[in-house]
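Student: Attaching a single structure in C-alpha cells format; questions to follow.
The values are calculated or read from the model by the stated rules, or taken from the named source; none is laboratory data. Bear in mind that the values here come from a model prediction, so they are computed numbers and not experimental data. FYI the Cβ positions are ideal-geometry reconstructions off the backbone, even for glycines, and counts take in every protein chain you see. Each accessible area value is taken on the protein alone, full model and side chains, heavy atoms only, with ligands, DNA and RNA left out. Shrake-Rupley method; radii C 1.70, N 1.55, O 1.52, S 1.80 Å.
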Amino acid sequence: MLIYVGRRLAVIAVQALVITTVVFGLLRLLPGDPSYYLAGPQASQAQVDAIRASLRLDQPIPVQYAAYLGNLVQGDWGRSIRTTNNVLEDINHRLPATLELITISLILGLVTMVPLGVWSSMHQSHPAARVAAYWGRLSGSLPDFWVGILLVLVFYTALGIAPAPVGRLDISQVPPSGGTGFLVVDSVLSGRWDVLLSAIDHLLLPVATLAVVYSGMFYRQTRRAMERELETTRVLFAEACGLSQREIALRSLRNSVAPVLALIGNSYAFMLGGAVLVETVFTWGGLGQYAVAAVQSSDYFAISGVVLVTALFTLLVYFFVDVLNAYLDPRIRTS
C-alpha cells in the first residue's frame, strides 16, 4: 500500500509541474501587458518599465518561468488588479466559502441518493423505484443556475420563507472569528449560535440547488453498480444460503463502492468550478464569484490563481479516491 501511495504521489508531482507550466504559458498568451494594468492609466512609461522589471517580464522566458515557480513556492501568486491583494490571500479568504457549499451539497446528495439507489436496485418493480429512476435521468439535465433562480423565486420572492440571496449571512451578522473559514464550524467553535442559524438559513437554497443537480448521478451510478452486483453468482449463492436482504445489500454495496467512489471524486472536483453560476446567483462570495469578477476585469493573475488552485484541488481529490479504492480493492495496488 505504501508503494502504491508513493507512486501516486510521484505522479501528482509530475502533473502539478505540468499544470504550472500550462498556467504560465496561458499567462503569456493572454492579450495585453499586466504591467499596464498594475501601473494604472495615469502611469508614466518609466513606472510601467519598473513594474515590468519587478515582474521579470523583461527577462527571457526560461528566467521568467524559473521566477514564476519560485514565487509560487514562496506564496507569491501575483497581485490582483481588482483587489490589489496577493492572489493567494484572496483565494485563502474565498475558498472556504466554496468548499463549505460544495461539501454540504455533496454530503446531502450522498446520504439521500446512495441509500435510495441501493433500495431501488433490490425493488426494481416498485412504483417508487420507477419514479426515482425518472428523477435520476431528469436531474442531470437541469441547469444549476436555472434551479437556483427558480428556488429564489419560489421560496424568497413568492413565499418569503427564505433569506435574500445576498451572501452567507444576514447583513446585521458579524462573521465569527475562527481559523477554518467555514461559517458553520466557526460559529459552533465560538459559541455564536445566532450566526450558526443565519449561516444554515443562507445555505439551504444554494445547497438544495447543487444537490438537486448532482444527486441524480449518485443515484444512477449506485443503482447500476448494485444491479450488476446482484446478478453475480456470489449473490445467488448468498440468497441460497438464507442470508437476509439487509446482509446481501451491505455485502453487495461494498463490492459496488469503487465506481461510486470514483463518481464522488469526479463530482467533488467538478463542483469546485461548477458552482460558479450558483455562487453568482446567491452572491456567495466564494472562489467561483471571484473567478467571474477576475474574467470580467481581465485580472490575469487572479485568473491564473483560480485555475491553478482548481487543478491542484482536483489532483488531491483524485489522489484520495485512488488511495481509498486501493485500500478497499487490493488488486488495484498491483496494477
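Student: Could you tell me whether any residue of region 319-332 is open to solvent by 40 Å² or more (accessible area, probe 1.4 Å), at pLDDT 85 or above and outside any helix (DSSP H, G or I)? Walk me through how you get there before you give the answer.
Tutor: From region 319-332, those open to solvent by 40 Å² or more (accessible area, probe 1.4 Å) are 320, 322, 324, 327-328, 330-332; that's our starting set.
After this cut, where a residue has to be at pLDDT 85 or above as well, the list is 320.
In the following step, the residues that additionally are outside any helix (DSSP H, G or I) were identified as none.
Within region 319-332, not a single residue is open to solvent by 40 Å² or more (accessible area, probe 1.4 Å), at pLDDT 85 or above and outside any helix (DSSP H, G or I).
Student: Could you look through region 134-155, keep only residues that are among the aliphatic types (A, V, I, L, M) and at pLDDT below 85, and pick out the one that is least open to solvent (accessible area, probe 1.4 Å)? Working first, answer last.
Tutor: Within region 134-155, the first condition is being among the aliphatic types (A, V, I, L, M), and the residues that meet it are 138, 142, 147, 149-154.
From what is left, the residues that are at pLDDT below 85 are 138, 142.
Details: LEU138: 87, LEU142: 37 Å².
Filtering first and then ranking leaves LEU142.
Student: Of everything in region 208-223 that's surrounded by fewer than 24 Cβ atoms within 10 Å (Cβ to Cβ) and among the hydrophobic types (A, V, I, L, M, F, W, C), which residue is nearest to the chain's Cα centre (by Cα)? Walk me through it before giving the result.
Tutor: Narrowing region 208-223 to residues surrounded by fewer than 24 Cβ atoms within 10 Å (Cβ to Cβ): 208, 211-212, 216-217, 220-221.
Checking the rest, the ones that are also among the hydrophobic types (A, V, I, L, M, F, W, C) come to 208, 211-212, 217.
Numbers: ALA208: 15, ALA211: 13, VAL212: 16, MET217: 16 Å.
Per the criteria, the residue is ALA211.
Student: Please pick out the residue among ILE81, ILE107, ILE171, ILE161 that is open to solvent by 80 Å² or more (accessible area, probe 1.4 Å) and at pLDDT below 85. Explain how you work it out, then say what you get.
Tutor: Values: ILE81 fails: open to solvent by 80 Å² or more (accessible area, probe 1.4 Å); ILE107 fails: at pLDDT below 85; ILE161 fails: at pLDDT below 85.
It is ILE171.
Student: Now a separate question. Which of the residues belonging to region 174-183 are at pLDDT 85 or above and open to solvent by 40 Å² or more (accessible area, probe 1.4 Å)? Outline the logic, then answer.
Tutor: Here is the first cut: in region 174-183, the residues at pLDDT 85 or above are 182-183.
Result: PHE182, single match.
Student: Turning to a different aspect of this structure: Could you identify the single residue in SER297, SER267 that is of a type in the set (Gly, Ala, Ser), within 30 Å of GLU229 (Cβ to Cβ) and out of contact with any strand residue (DSSP E or B) (no Cβ under 8 Å at 6 or more places or on another chain)? Let's see the steps before the verdict.
Tutor: Numbers: SER297 fails: within 30 Å of GLU229 (Cβ to Cβ).
After ruling out the rest, the residue left standing is SER267.
Student: Shifting gears a bit: Going by the conditions given, is THR314 part of a helix (DSSP H, G or I), of a type in the set (Val, Ile, Thr) and either within 25 Å of THR209 (Cα to Cα) or open to solvent by 20 Å² or more (accessible area, probe 1.4 Å) (or both)? Please lay out each step first, then the result.
Tutor: On the way: part of a helix (DSSP H, G or I): yes; of a type in the set (Val, Ile, Thr): yes; either within 25 Å of THR209 (Cα to Cα) or open to solvent by 20 Å² or more (accessible area, probe 1.4 Å) (or both): yes.
Criteria met by THR314.
To keep it simple, each residue is scored yes or no on (1) within 30 Å of ALA326 (Cα to Cα); (2) more than 31 Å from the chain's Cα centre (by Cα); (3) without any contact (Cβ under 8 Å) to a residue 40 or more places away in the chain.
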residue	(1), (2), (3)
LEU9	yes, no, no
ALA13	yes, no, yes
VAL18	yes, no, yes
LEU26	no, no, no
SER35	no, yes, yes
GLN47	no, yes, yes
ALA67	no, no, yes
ASP76	no, no, yes
ASP90	no, no, no
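Student: Same structure, new question: Looking only at region 239-279, filter to residues that are part of a helix (DSSP H, G or I), small (Gly, Ala, Ser) and over 21 Å from ALA291 (Cα atoms); which one of those is most open to solvent (accessible area, probe 1.4 Å)? Steps first, please.
Tutor: First pass over region 239-279, keeping only residues part of a helix (DSSP H, G or I): 239-240, 245-255, 257-274, 276-279.
Keeping just the survivors that are small (Gly, Ala, Ser) gives 240, 249, 252, 258, 262, 265, 267, 269, 273-274.
Keeping just the survivors that are over 21 Å from ALA291 (Cα atoms) gives 240, 249, 252, 258, 262, 265.
Details: ALA240: 86, ALA249: 16, SER252: 2, ALA258: 40, ALA262: 39, GLY265: 2 Å².
Once the filter is applied, the top-ranked residue is ALA240.
Student: On the basis of being under 22 Å from the mean Cα position of the chain (by Cα) and either at pLDDT 80 or above or farther than 30 Å from THR180 by Cβ (or both), does LEU101 make the cut?
Tutor: Working: under 22 Å from the mean Cα position of the chain (by Cα): yes; either at pLDDT 80 or above or farther than 30 Å from THR180 by Cβ (or both): yes.
Answer is yes for this residue.
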